[in-house]
Amino acid sequence: MKQLAKDIKNRYGYAWTVLRGLVKTDFKLRYQGSFLGIAWSVLKPLMMFCVMYVVFGKFLRMSDGTPTYPVVLLLGISSWQFVTESTNVGLRSVVDRGDLLRKIHFPNYIVVVSATVGALISYAINLVVVFVFALIAHVKFTWRVVLLPFSIVELYAITLALTLLMATMYVYFRDIAHIWEVLQQLVFYGMPIIYPLTYVTNRGGWIADVARLELLNPFAQAIQDIRHNFIAPETQPTIWNQFSNWAVWLFPLVLTAVLLWLGIYLFRRNSRKFAEVM
């Protein structure tokens, strides 16, 4: 029994060492050769925020009319940037690390997890920037800030689930990268990230009902919860205050759990064939 416990400890200790090494290497290589280096992890969402705020906030007037809207917009863009960075790098990770996987024996899922953890580090840096902007905008933080880690964990879980699924498919079908490149644009503009959900729900009628259904999307639900708990609980609709049915509340959480299980199952089932296919 002691030997079994020791073997398990050594196995997971080795996996953790490999994961830490890959994350550290990926993070350094990501900005290697660039003049601004790691600053790009902050500059990219900031530049996108400026464009979106001018176009949608000023010209098209898609705003909730509150002083906190720019910070809410920046937080939403940073959160979606984490999803896209994780999936775009993660879905190619098995193929890109093919030579390493053939030479060194370690669980294949680590290369996918390392891609998402690297993006998570960039996201944490962006959250610090959002916090600074929130202080400048005189955001009044509430006790709901303590719920923020749970919302981030949920966003990470659904992102990891999607990344595992696409990484598995990418080994067999390279077209997945191009399909996802198009789909992520559709999802981004379809979710209430660059426009406030209240911009649609305030119109009433069936349009408002359809808009609320967007919160059944785990990505939209998690990002809205992050905005609600971190910045603006008074102005950010969430699935918890838009629906009174507990079954609706559980839907995105259950869907996240199912997709994560499916991603892990399919990845582990096919991981032994990756070396042969590649």
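The values are calculated or read from the model by the stated rules, or taken from the named source; none is laboratory data. Model, not experiment: these values are computed from the prediction. Quick reminder, even Gly has a Cβ in these numbers, built from the backbone with ideal geometry, and neighbours come from all protein chains shown. Heavy atoms of the whole protein, side chains included, go into the accessibility calculation; ligands, DNA and RNA do not. Shrake-Rupley method; radii C 1.70, N 1.55, O 1.52, S 1.80 Å.
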Check your understanding: So, in nm, how far is label Leu186 from label Arg268 when the simple model puts each one 7 Å beyond its Cα toward the Cβ?
Key -> 3.2
Study note, to complete from the structure: Taking the alpha-carbon centre of each part, the distance from segment 200-251 to segment 66-86 in Å is 16
Check your understanding: On alpha-carbon atoms, Rg over Rh for segment 149-278 using Kirkwood Rh?
Key -> 1.05
Check your understanding: Is the shape of segment 72-162 rounded, prolate or oblate, going by the alpha carbon gyration tensor and its root eigenvalues a ≥ b ≥ c, with a/c under 1.5 for rounded and a/b larger than b/c for prolate?
Key -> prolate
Study note, to complete from the structure: Diffing segment 152-162: the Karplus 3J(HN,Hα) column from phi (6.51, -1.76, 1.60, θ = phi - 60°), in whole Hz with x for Gly and Pro, holds 5, 4, 5, 4, 5, 5, 5, 5, 5, 4, 5
Review point. Roughly to the nearest percent, how much of the accessible area of segment 188-265 is carbon and sulfur, given a 1.4 Å probe?
Key: 70
Check your understanding: Can you give the accessible area per residue of segment 133-240, in Å², using a 1.4 Å probe?
Key -> 47
**Study point:** Cα gyration tensor shape of segment 110-203, rounded if a/c is under 1.5, else prolate or oblate by comparing a/b with b/c
**Key:** oblate
